[in-house]
1. Using the basic label-point model (7 angstrom from Cα toward the beta carbon), what is the residue 289 to residue 77 distance in nanometres?
2. Given H placed on each backbone N at 1.01 Å, which residues far from residue 393 in sequence or on other chains put an amide H within less than 5 Å of it?
3. Could you derive backbone 3J(HN,Hα) for segment 321-330 from the dihedral phi with the Karplus parameters 6.51, -1.76 and 1.60 (θ = phi - 60°), listing whole Hz in sequence and x where the residue is Gly or Pro?
4. Enumerate the aspartates and glutamates that residue 118 could reach by cross-link, defined here as Cα to Cα under 16 Å, with residues fewer than 8 away along the same chain left out.
5. What nm value, rounded to one decimal, do you get for the distance between residue 42 and residue 114 when each label is placed 7 Å out toward the C-beta?
6. When only DSSP loop residues count, what trypsin sites (Lys or Arg not before Pro) in segment 60-107 have their Cβ near at most 10 other Cβ atoms within 10 Å?
7. Along segment 391-399, what does the Karplus equation 6.51 cos²θ - 1.76 cosθ + 1.60 (θ = phi - 60°) give for ³J(HN,Hα), rounded to whole Hz, x for Gly and Pro?
8. List the lysines whose alpha-carbon lies under 29 Å from that of residue 76, not counting same-chain residues fewer than 8 positions away?
Amino acid sequence: MSLPVIVIGAGPVGLAAAAHLVERGLEPLVLEAGDSVGAAVRQWAHVRLFSPWQFNVDGAARRLLEAEGWQEPGAKRLPTGGELLSDYLEPLAGTAALQGRIVTGARVMAVSRDGMDKTHGRGRAERPFLVRATVDGEVVDYRARAVIDASGTWSQTNPLGTAGLPAPGEAEAAAFLLGPLPDVLGRDRERAAGKHVVVVGAGHSAANTLLSLAQLRRAEPGTRVTWLVRGASVERAYGGGDADGLPARGMLGSQLRRAVEAGEVELMTSATITAMHPAGDRLELTLATPEGERRLVVDGVAGATGFRPDLAMLRELRLELDPGVEAPSRLAPLIDPEFHSCGTVPAHGADVLAHPEPDFYIAGMKSYGRAPTFLLATGYEQVRSIVAQLAGDTAAATTLELELPETGVCSTATPVVEADGSLSIAPDAASDCCAAPEPQLIGFPTGFAHGRTAL
């Protein structure tokens, strides 16, 4: 019996990989840490994507679904995360081709080679992979002919402190931390209504939460919203406005600018958290600002400071990762937020994502390491190429296509498009816009400008 290709993660990119494997006649086994497919998406189900359906459905997945009578949602319509689950991911996982090939509640702890640690190289490629997971509290070892790690980065948020480290007291402040995308108009309303909430970060996740909080403030006048940004400028967060090829994304930035100008959101730039200290039922933040140290007493903090990959489970593999971005070394120069502020990220596949460990690949958001830009369509093209390579179809693996929407300007500098179609400018000595990468999540609040953003 031939061994399966193990896919770690049953999110959009992981399930797309499984669909391509089935289509190529290869056996997939998907291991998902959550109790259902799309477990991470479920945590931001309230967020409406600013990319329409046409950019969110993988080709092989579409073919599997249509064979069973699935009707694809309107190409120009903007789904919420919940709709992405109910109208796409859950039906895909329920197809005859994938049923029985997905194990939920399976948290992968380690990936290695059967009977061989990473110090041994001779005959390594001939050994199957050993993937160790905990399933229902039991340790289970799976063997595989290849492994695609599409586990994402959602569970690995960047800390709120400086230098890539948690702020002193951050662990003790856990009860006051709302996460990167709290549902302040829904399940988390009581934690924010009439309270003082600080949002840290300058990406789309921060913008989503800030606009939802501004809406909550209009319904609950006692609500106070502070936006804390490490950099000196938020022009990049405001985006391209009407010039954006994804109107919902342009509207996101434009509405955020108006909320700040109207005083609904208090903006603090060049501010970093140096300490956190619970003070009764509130949280005291110590901030470093250009004017000196400042203290701010708040009720909650939404940390939209980005994500980082979990590399601990890959320790026994021979990886080639960029030391800074923590992405595959051939991909890193294309996406490094410190240097890649101009141009576009070209379509890339198995050759760029390969490691010294044969038949092992990191795909999806995790492949971007600590870089903040990503689009589902990028991940779909990655796994299409990877699976073609695993199937021995080198020609298909190296023939790459990726269409991304145009975008507009984000500053007075020359406008350019990042890997997910998001905006950037070339950094200069006077600009700190790119010094602290933030997550570029595809979405905007469900209750915000609803019905006015369909393409």
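Coordinate-derived values only; no laboratory data. Just so it is clear, the model here is predicted, and its values are computed rather than measured. Glycine also receives a Cβ, built like all others from the backbone with ideal geometry; neighbour counts cover every protein chain displayed.
1. 4.6 nm
2. So residue 393 has HN proximity to no qualifying residue.
3. Here the 3J(HN,Hα) series is 10, 5, x, x, 7, 6, 10, x, 4, 7 Hz.
4. Qualifying aspartates and glutamates at Cα under 16 Å: 126, 316, 320, 357, 359.
5. Here the answer is 3.2 nm between the modelled labels.
6. 76
7. 7, x, 9, 5, 4, 5, 5, 9, 8
8. Partners within reach: 366.
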